[in-house]
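For reference, the structure is listed below as structure tokens.
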2 protein chains.
Amino acid sequence: MSTHPLDQALALAHSDLRAGLFTGATSADYWNMVGPFGGTTAAVMLQAVLKHPDLLGAPVALTVNYAAALEAGPFELLAVPVRTNRSTQHWTIQMSQADAEGRPQVVSTGTAVTALRRDTWGASDLSMPEVPPPIEVERLSIGPGKVAWLDRYEMRPISGTIPTRWDGSGDHSETRMWLRDAPARPLDFAALAALCDCFYPRVWLRRAKPVPIGTVSITTYFHVDAAQLAEVGDGYLLGRATGQQFRNGYFDQAAQLWSEAGALLATSNQIVYFKE
Amino acid sequence: MSTHPLDQALALAHSDLRAGLFTGATSADYWNMVGPFGGTTAAVMLQAVLKHPDLLGAPVALTVNYAAALEAGPFELLAVPVRTNRSTQHWTIQMSQADAEGRPQVVSTGTAVTALRRDTWGASDLSMPEVPPPIEVERLSIGPGKVAWLDRYEMRPISGTIPTRWDGSGDHSETRMWLRDAPARPLDFAALAALCDCFYPRVWLRRAKPVPIGTVSITTYFHVDAAQLAEVGDGYLLGRATGQQFRNGYFDQAAQLWSEAGALLATSNQIVYFKE
């Protein structure tokens with residue numbers, strides 16, 4: 001059985017496990033235009049936490065800041081549990097790469113909170129939009145020569161698909177789509193962290209204009225435990241993303257992912273640089 | 001002229017300015033039930049960045065993680081510009097307090113992104129709700145014996161005010177209110193960071209039940225520059241907050257703050273622990 005490309009991208013060797021030092025490498029399978037897909041960067045930052053021997057519980061919150069462009073090749077990760085309480089644990093995470101002179105430079109920073117969760121009252125005030133089932137929605141066809149990471153996701157856009165005419169005609173910033181890993185893969189926290197970043201930049205939809213962009217920071221809240229993720233298996237998720245405020249070079253986009261059964265699995269926000 | 005209580009709460013001495021080491025102290029004026037109001041903690045973490053001699057630009061994103069309860073008294077802040085690019089700068093921030101044996105313990109972690117912004121195309125896809133003007137909305141009256149920080153804000157709730165009967169009758173989680181510092185104070189980034197945390201926990205509204213809670217992590221995106229904040233002056237902001245997903249001990253709440261003129265100044269999300 002071959003390893004799933006996401007598991008290859010998430011593979012970490014530990015140079016000093018107790019100290020939280022790991023090494024990994026960027027994956028050609030998830031290459032974007034000038035660097036790796038930011039979703040896999042977020043996922044592998046979280047993976048360092050998940051692989052740490054002192055881990056308490058499961059992820060509740062993850063923030064990843066994209067401080068510099070990642071080069072193709074190896075990177076180092078440092079995940080430190082800076083504070084461990086009875087049921088929560090606070091993490092700092094840094095990714096670094098050697099520069100031309102071989103000196104390590106920080107390329108991403110992050111924080112995470114993990115926690116032991118227990119059964120409580122619950123409710124959702126963000127119900128899943130009514131949409132046709134995945135089987136009735138056509139899969140987005142990626143033409144040859146497009147970026148690699150798009151082939152790593154099965155996307156079935158219901159509305160707000162990427163513009164085919166860049167004519168400045170945009171008037172909203174909401175996309176709804178079914179999506180999952182391609183090939184299909186059982187859902188886990190790292191995969192979910194990456195899926196939260198699968199929406200193309202809202203400014204492209206809003207303006208129907210492909211301006212240069214780059215995510216600066218992403219924050220994801222996880223609303224499920226491992227058992228609930230296991231129930232989703234390799235099923236489709238419904239994703240919704242919308243822009244909020246676009247002004248002076250930055251915009252924020254909010255995203256939600258539901259299971260096909262209607263459970264809100266994760267809510268995510270990011271702030272994105274754009275030019276012009 | 002006396003110093004505004006927020007400026008007292010934000011006052012920092014620098015033990016080693018170039019290294020980004022500051023000292024401050026919790027403020028009785030902003031005391032909450034068992035610790036300081038989390039909004040001022042976020043604000044003073046940001047303040048360390050703003051006072052750093054190497055600061056580039058103005059805040060775009062701020063994440064603060066509440067790792068442990070803060071005790072009344074002094075604290076140390078460490079703000080480090082880990083990566084400075086042409087127009088963006090990435091920060092890590094830590095707050096620590098001495099434990100009973102005098103050893104420094106991390107109580108909060110954070111990251112921030114600051115940036116030089118320039119004029120671009122802009123739009124808002126989150127327009128200000130239609131509400132009556134602040135003058136027509138009654139100010140929330142805080143009874144004696146309530147927590148101190150509530151007196152530091154002038155809150156004029158339009159809808160979703162804090163329940164007066166805790167009878168389990170809640171059916172939504174949205175609050176809309178006009179608010180500003182009390183006494184009124186010209187808006188700046190630190191004040192805005194604190195204002196984003198002014199909404200009482202959504203789970204109390206949703207359930208009409210005052211269960212124990214604690215914010216675990218807050219992320220705020222700033223959509224304005226200093227000149228735009230100066231235009232707001234000491235005017236009212238319209239705040240809106242809503243819960244999203246409540247499950248197994250945690251819920252997330254999304255908040256937005258508009259100027260009275262209708263400009264979306266900040267969007268903020270937090271994840272909150274709750275009991276039962």
Item to check | Tail fraction, Cα-Cα pairs, the protein assembly as shown, threshold 38 Å, whole percent | outcome: 24
Item to check | Net charge over other residues, Cβ less than 11 angstrom from the Cβ of residue B:131 (K, R count +1; D, E count -1) | outcome: 0
Checklist entry - If r is the Cβ-Cβ distance from residue A:98 to residue A:28 and R0 is 25 Å, what FRET efficiency results, to the nearest 0.05? => result 0.85
Next on the checklist: Restricted to Cα positions, what overall size does region B:123-168 have along the principal axes? Three whole-Å values, descending.
Outcome noted: 44, 29, 20
Checklist entry - Which residue, B:25, B:241, B:123, tops the fluctuation ranking in a GNM of chain B built on C-alpha contacts under 10 Å? => result B:123
Checklist entry - If region A:139-276 were replaced by its equivalent ellipsoid, with semi-axes equal to the square roots of 5 times the Cα gyration tensor eigenvalues, what would those be, largest first, whole Å? => result 26, 17, 13
Checklist entry - When every alpha-carbon pair in region A:10-82 is counted, what percent end up more than 14 Å apart? => result 59
Checklist entry - With contacts defined as alpha carbon pairs under 8 Å and 6 or more residues apart, what's the relative contact order of region B:72-111 in percent? => result 33
Item to check | Environment charge of residue A:53, counting only residues whose C-beta is closer than 15 Å and scoring Lys/Arg +1, Asp/Glu -1 | outcome: 0
Next on the checklist: Counting only other chains, and only Cβ atoms inside 10 Å, what mean value do you get across the residues of A:63-70?
Outcome noted: 6
Next on the checklist: Going Cα to Cα from residue B:51, which aspartates and glutamates come in below 16 Å? Please leave out same-chain ones fewer than 8 positions away.
Outcome noted: B:7, B:16, B:76, B:188
Next on the checklist: Apply the Karplus curve 6.51 cos²θ - 1.76 cosθ + 1.60, θ = phi - 60°, to the phi angles in region A:54-65 and return the couplings in whole Hz, x for Gly and Pro.
Outcome noted: 9, 3, 10, x, 10, x, 10, 9, 9, 10, 10, 10
Checklist entry - Hey, what do the phi angles of region A:242-256 turn into as Karplus ³J(HN,Hα) couplings, whole Hz, using 6.51/-1.76/1.60 and θ = phi - 60°, x for Gly and Pro? => result 8, x, 10, 10, 10, 7, 6, x, 9, 9, 10, 10, 10, 9, 9
Next on the checklist: Under 5 Å between amide hydrogens, which residues at least 5 positions from residue A:153 or on another chain qualify, with H placed 1.01 Å from N in the peptide plane?
Outcome noted: A:182
Checklist entry - Gain in length, residue A:161 to residue A:119, computed as 0.36 nm per residue apart minus the alpha-carbon separation, to one decimal in nm? => result 11.3 nm
Checklist entry - Under a 5 Å amide H to amide H cut-off, with H placed in plane at 1.01 Å, what residues pair with residue A:245 once short-range neighbours are removed? => result A:252, B:125
Checklist entry - Taking chain B as a Gaussian network, Cα atoms linked when under 10 Å apart, which of B:142, B:213, B:158 shows the biggest mean-square fluctuation? => result B:142
Checklist outcome for this item: Between residue B:217 and residues 5 or more places away or on another chain, the pairs with built amide H atoms under 5 Å apart involve B:66, B:271
Checklist entry - For the residues B:162, B:135, what sequence is obtained by ranking on other C-beta atoms within 10 Å, fewest first? => result B:135, B:162
Checklist entry - Which distances in nm, rounded to one decimal and ordered from shortest, link the label point of residue B:32 to the equivalent label points in the other identical copies, with labels set 7 Å from Cα toward Cβ? => result 3.3
Checklist entry - Where in region B:180-195 does the label zone of residue B:136 land, with the point 7 angstrom along Cα→C-beta and an amide N cut-off under 20 Å? => result B:180
Checklist entry - In sequence order, what are the phi-derived ³J(HN,Hα) couplings for region A:92-109 according to the Karplus relation 6.51 cos²θ - 1.76 cosθ + 1.60 with θ = phi - 60°, rounded to whole Hz, with x for glycine and proline? => result 10, 9, 9, 10, 9, 9, 6, 7, 4, 8, x, 8, x, 10, 5, 10, 8, 10
Next on the checklist: At 7 Å along Cα-to-Cβ for each site, give me the label-to-label distance between residue B:2 and residue B:151 in nm.
Outcome noted: 1.0
Next on the checklist: Using helices alone, I'd like the mean residue ellipticity at 222 nm for chain B: each DSSP H run of four-plus residues gives -39500 (n - 2.57), total over residue count, nearest 500.
Outcome noted: -3500 deg cm²/dmol
Checklist entry - Using bins 10 angstrom wide from zero, how does P(r) for chain B break down, in % of all Cα pairs? => result 7, 29, 37, 22, 5, 0
Item to check | Candidate lysines for bridging to residue A:275, where Cα separation is under 25 Å - those fewer than 8 sequence places away on the same chain excluded | outcome: A:146, A:209
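All of the numbers you see were taken from the coordinates with simple rules; none came from a lab. Remember, predicted model here, so these are calculated numbers, not experimental data. Don't worry about glycine lacking a Cβ; one is built from the backbone with ideal geometry, like all the others, and counts go over all protein chains shown.
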